[in-house]
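Structure first, then comments.
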Amino acid sequence: AFNDVQRARQERDKLINEAEAFFNDVVPRARGESAQLVAQAEAYSAEIVNRAKGDASRFNDIYKSYLMSKDVTIERIYLETFEEILGNVNKVIIDTEVSQSGVLPFLPLPELNNKNRTIRSGGN
């Protein structure tokens, strides 16, 4: 009976040690992961807030220029929008009034730019 009591105490101590080891392993890892998630959330929050502040500042600047010169600002926004939309398009857009004359003026600017870069870099 004495041996059974000793084995039970040893088993209890072993289980307590295993539980403490598990606690010491899991809890710090969980705290680290939670701290990392909080830091990521704060960084994301700051990024969104800063982007919104930048957008608002840009809008206010555009609005001020709009109040000073409405027609010029509208034309500038129109042209900037088309530049953004059509900036990477490899199509040629020709005014219908020009195309009715029978002669289509065409200057392949992307090819000329690539050729100039090649010449400046020393290639042929």
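None of the figures in this text is laboratory data; all of them are computed from the coordinates on show. Keep in mind that what you see is a predicted model, and the values were worked out from it rather than measured. FYI the Cβ positions are ideal-geometry reconstructions off the backbone, even for glycines, and counts take in every protein chain you see.
Taken along the Cα-to-beta-carbon direction at a fixed 7 Å, the label points for N113 and E18 span 6.9 nm.
Label sites at K70 and I85, each approximated as a point 7 angstrom past Cα along Cα to Cβ, lie 2.3 nm apart.
What's the local net charge at Y78, with K and R +1, D and E -1, over the other residues with C-beta under 15 Å away? It works out to a net charge of -3.
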